[in-house]
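This report refers to the structure that appears directly beneath it.
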Amino acid sequence: MRIMATLRMALRALRRNKLRSTLTALGIIIGVGAVIAMVGIGNGAKSQVEAQIASLGQNVILVFAGNWSSSGARSGWGGAGTMTVDDAEAIAREVPGVIAVSPEIRDRQQILANGLNWNTQILGEGPEYLDIREWPLEDGAMFTEQDVRGTAKVCVIGKTIITQLFPNEDPIGKIVIIRNIPFKILGVLTPKGLSVMNTDQDDVIIIPYTSEMKRVTKRTNINSIIVQSSSPKTSDAVQRDMTDLLRQRHRIVPGHDDDFTIRGQQEIADAATATTRIMTVLLGSIASVSLIVGGIGIMNIMLVSVTERTREIGIRMAVGAHGRDILLQFLIEAITLSSLGGVIGITMGVGSAKLLSAMAGWPTLISISSVVLAFFFSAAVGVFFGFYPARKASRLDPIDALRYE
Amino acid sequence: MATVIKLENVHKTYHTGEVEVLAVRGVTLEIAKGEFVAIMGASGSGKSTMMNIIGCLDRPTEGRYFLDDIDVSHLDRDELAAIRNKKLGFVFQGFNLLSRTSALENVELPLLYTHDHVTAAVQRERAVHALQIVGLADRADHHPNQLSGGQQQRVAIARALVNSPAVLLADEPTGNLDTRTSVEVMGVFQKLNDEGITIVMVTHELDIASFTKRNIIMRDGVVVNDTQVERRSFAETELRNLQQAQQAVKLST
């Protein structure tokens with residue numbers, strides 16, 4: 001029997017019961033639409049997090065001063081206070097595959113300028129910091145190695161600082177006062193938006209780490225070291241070598257815990273995307289349940305249809321239809337129903353995802369693969385739930401079927 | 001004349017729970033090409049079971065059945081379906097047309113299940129030709145509910161003819177029709193038979209059976225009488241008689 005003729009037959013049978021077909025397809029429409037929209041929202045959140053991770057820079061490895069414990073009492077992160085600028089220099093010097101290093105000291109200070117004040121994050125960094133983080137300047141220039149050596153009173157500032165302290169003003173060359181020390185503004189950073197932790201990355205002032213240590217905080221240790229490896233492949237080796245080097249430098253005997261923590265970008269990304277991945281799976285599986293419910297609706301209607309059309313089946317068999325012809329006919333009917341529902345559902349799902357991102361401002365991302373997958377899944381629902389009714393139809397006895405009232 | 005249907009000691013037993021029903025018990029029968037046979041009998045005589053067996057809808061429990069020299073007694077479901085498609089045409093009491101489907105498409109139905117591939121155009125041509133034979137070519141796109149009972153039965157006959165079957169099987173073809181339409185339908189059968197088509201018909205009406213050439217009477221699952229019809233009715237004459245009778249009624253009032 002020809003597929004085209006069967007398809008025409010299926011479409012005609014579905015047209016005959018327009019309301020019924022529509023309601024049955026509605027189950028699939030809602031199911032597929034929900035899956036598409038939910039996965040779109042989940043993926044949107046995931047891609048947002050991934051973009052934030054990427055804003056960290058390329059092949060970045062972070063070395064944090066770790067916690068330290070003594071007689072069972074444990075300090076928090078950075079509490080060890082054992083990380084020094086020498087450690088950072090040693091890493092740059094001795095670990096192969098490292099292309100850039102920046103020691104980092106974090107601090108919060110009240111700053112003054114223009115008669116306004118603002119509490120912000122002060123970052124003491126090396127001159128390569130912006131290159132590592134792939135964070136270009138919007139205007140001006142970054143401080144240099146010479147500034148670092150000379151503990152220069154210079155800084156670059158984030159966009160938020162401008163809004164708070166220099167509204168309607170070009171801040172380059174102006175002075176901002178940090179802890180009674182005037183710092184000259186050399187450059188303005190391009191806005192970076194929210195970080196993985198949802199903090200404003202533009203609410204920041206970056207100064208040479210030497211200036212931070214000697215002038216502002218008067219500290220001798222640093223919080224962390226930002227390291228860039230030459231490629232993702234060398235990342236593991238670099239992490240291993242750094243661990244060995246730091247253990248050796250900090251004189252940690254085997255069997256004792258590290259007093260530092262090394263985290264590669266991949267690990268940070270994995271941790272950050274884990275939540276959104278779980279959310280995607282959760283939303284998707286809840287939506288899938290409605291797709292299965294839609295499938296049961298199809299099965300239900302197909303069973304009714306087989307019973308209603310028992311005589312028709314009998315006639316077809318009497319004039320020579322094989323069991324598989326009947327099977328195919330009803331199966332194609334079910335698949336047509338579910339894949340039509342799938343196509344409409346995809347449209348609705350994409351539409352509602354767009355609507356959600358427009359109205360609620362949620363990022364949504366609908367990939368071609370999820371659309372294709374949804375389509376084939378809805379067709380598969382038709383096959384799965386249509387098979388039993390179709391097989392039932394194909395196994396009818398023609399004599400009984402012809403006599404059926 | 002070549003034998004089209006040959007039954008050898010055919011039995012059919014149904015098992016319904018504990019009881020065994022011997023519907024057909026030992027029928028031996030030959031029907032030659034070009035015959036027009038009526039199988040008659042009261043209900044329960046086994047004539048419907050015989051019809052199902054001859055129509056390859058059912059298999060005998062015992063004995064052998066040759067249709068067009070093919071032993072069909074042991075074929076499986078699909079093989080029987082193929083035989084029905086190629087060798088048999090069915091006409092039922094209740095017409096059994098597909099509703100909301102045009103007459104032409106109803107006639108085309110058996111062609112959908114034919115395995116030697118013909119193009120859609122050839123299919124259509126054959127279906128139109130079959131409708132022409134029964135005189136309904138002008139109603140090709142009518143749906144069954146737009147046709148009278150007699151016309152519906154003629155569409156069913158066209159459907160039975162479309163695959164040029166070896167035998168046309170009719171199961172109480174006039175059971176749902178009034179006298180006049182019955183005679184008209186029998187006229188179609190007689191015309192087809194005159195053109196050489198073998199027809200086997202089940203009926204319980206004697207006057208309908210008298211349009212055929214041979215009457216087989218069954219009782220309790222066996223053939224009790226098998227005779228050639230001596231005083232055969234002809235549809236043309238009968239229709240004329242009916243008309244005259246109607247006019248007589250009109251004149252007398």
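Readers should treat all values here as calculations from the given coordinates under stated rules, not as data from a laboratory. Not measured: the values here are computed from a predicted model. Note: ideal-geometry Cβ built from the backbone for every residue, glycine included; neighbour counts use all protein chains shown.
About its Cα centre, the protein assembly as shown has a charge dipole of approximately 940 debye under the convention of +1 per Lys or Arg Cβ and -1 per Asp or Glu Cβ, with nothing else charged. When the charge dipole of chain B is built from unit charges on Cβ atoms (+1 for Lys and Arg, -1 for Asp and Glu) and taken about the Cα centre, the candidate among B:PHE189, B:THR114, B:VAL202 whose Cα reaches farthest toward its positive end is B:PHE189. For the pair A:ARG324 and B:VAL118, label points projected 7 Å from Cα toward Cβ lie 2.3 nm apart.
Within region B:3-252, DSSP assigns beta bridges of which about 55% are antiparallel (rounded to the nearest 5).
Each Lys and Arg Cβ is given +1 and each Asp and Glu Cβ -1; about its Cα centre, region B:3-252 then shows a dipole of about 480 debye.
Per-residue Cβ neighbour counts within 10 Å put A:ASP270, A:ASP200 in the sequence A:ASP270, A:ASP200, beginning with the fewest.
Relative to the longest principal axis of chain A, what angle (0 to 90°, nearest 10) does the C-alpha long axis of helix A:265-308 take? So the inclination is approximately 10 degrees.
Under a Gaussian network description of chain A, with springs only between Cα atoms under 10 Å, the residue in A:ALA37, A:ALA321, A:ALA141 that fluctuates furthest is A:ALA321.
Over region B:18-103, Cα pairs under 8 Å with separation of 6+ residues give a relative contact order of 19 percent. Close amide-amide hydrogen proximity is noted between B:GLU35 and B:ILE199, each under 5 Å apart and 5 or more residues distant or on a separate chain (H modeled in the peptide plane; Pro and chain starts excluded).
Ranking B:ALA42, B:VAL223, B:SER102 by how far each Cα lies toward the positive end of the dipole of region B:3-252 (charges on Cβ) leaves B:SER102 at the top. Summing Lys and Arg as +1 and Asp and Glu as -1 over all other residues whose Cβ lies under 12 Å from the Cβ of A:SER21 gives a net charge of +4.
Placing +1 on the Cβ of every Lys and Arg and -1 on the Cβ of every Asp and Glu, with no other charges, gives region A:238-379 a dipole of roughly 220 debye about its Cα centre. Helix A:368-394 axis versus longest C-alpha principal axis of chain A: approximately 30°, rounded to the nearest ten. Cβ-Cβ distance of B:VAL229 and A:LEU26, R₀ of 56 Å, FRET efficiency by 1/(1 + (r/R0)^6): the value works out to about 0.35. For the segment B:110-118, counting C-beta atoms of other chains within 10 Å of every residue's C-beta and taking the mean gives 4. Relative to the dominant Cα principal axis of chain A, helix A:323-359 is inclined by about 30°.
Kindly put A:SER235, A:SER285, B:SER102 in sequence by how many other C-beta atoms sit within 10 Å of each C-beta, fewest to most.
Fewest-to-most Cβ neighbours within 10 Å comes out as A:SER285, B:SER102, A:SER235.
Proximity of backbone amide H atoms, modeled 1.01 Å from N, is registered between A:ILE111 and A:TRP118, A:ASN119, A:THR120 at under 5 Å, excluding neighbours fewer than 5 places apart on the same chain.
What average count of beta carbons from other chains do you get within 10 Å of the Cβ of residues in A:306-319?
That average works out to 5.
Based on C-alpha pairs under 8 angstrom that are at least 6 apart in sequence, region A:153-300 has a relative contact order of 19 percent. For region A:82-193, averaging the sequence separation of C-alpha pairs within contact (under 8 Å, six or more residues apart) and dividing by the residue count gives a relative contact order of 26 percent. Local charge for A:VAL238 was computed over the other residues whose Cβ lies under 12 Å away, with Lys and Arg +1 and Asp and Glu -1, and equals -2.
Can you pull out the GluC sites (Glu not before Pro) in region A:94-178 that DSSP calls coil and that have at most 16 other Cβ atoms within 10 Å? Walk me through the intermediate numbers first.
Working: sites: A:GLU94, A:GLU104, A:GLU125, A:GLU128, A:GLU134, A:GLU138, A:GLU145, A:GLU169; in loops: A:GLU128, A:GLU134, A:GLU169.
When the GluC sites (Glu not before Pro) of region A:94-178 are filtered for loop state and at most 16 Cβ neighbours within 10 Å, A:GLU134, A:GLU169 remain.
For region A:13-45, the residues whose amide N sits under 20 Å from a probe point set 7 Å from the Cα of A:ILE368 along the beta carbon direction are A:36-37, A:39-41, A:43-44. A cut-off under 14 angstrom between Cβ atoms defines the neighbours of B:SER102, and their net charge, with Lys, Arg +1 and Asp, Glu -1, is +3.
Fully extending the segment from A:ALA360 to A:GLU267 would add 30.4 nm, taking 0.36 nm per residue of separation and subtracting the current Cα-Cα distance. In terms of other Cβ atoms within 10 Å, B:ARG154, A:ARG16 run from fewest to most in the order A:ARG16, B:ARG154. For region B:1-92, GluC sites (Glu not before Pro) meeting the loop criterion (DSSP other than H, G, I, E, B) and having at most 16 other Cβ atoms within 10 Å: B:GLU18.
Other chains' Cβ within 10 Å of B:79-87 residues: what's the mean?
4
When only alpha carbons are used to place a centre, region B:178-243 and region A:114-183 end up 111 Å from one another.
Using the Cβ-Cβ distance between B:LEU251 and B:ASP207 with R0 = 22 Å, the FRET efficiency computed as 1/(1 + (r/R0)^6) comes to roughly 0.30. Label positions at A:ALA274 and A:LEU19, each projected 7 Å from the Cα along the C-beta direction, are separated by 5.4 nm. With the simple model of a label 7 Å out from the Cα in the direction of the Cβ, B:LYS191 to B:VAL21 spans 3.8 nm. With a Förster radius of 22 Å applied to the beta-carbon distance between A:SER47 and A:SER231, the computed FRET efficiency rounds to 0.40.
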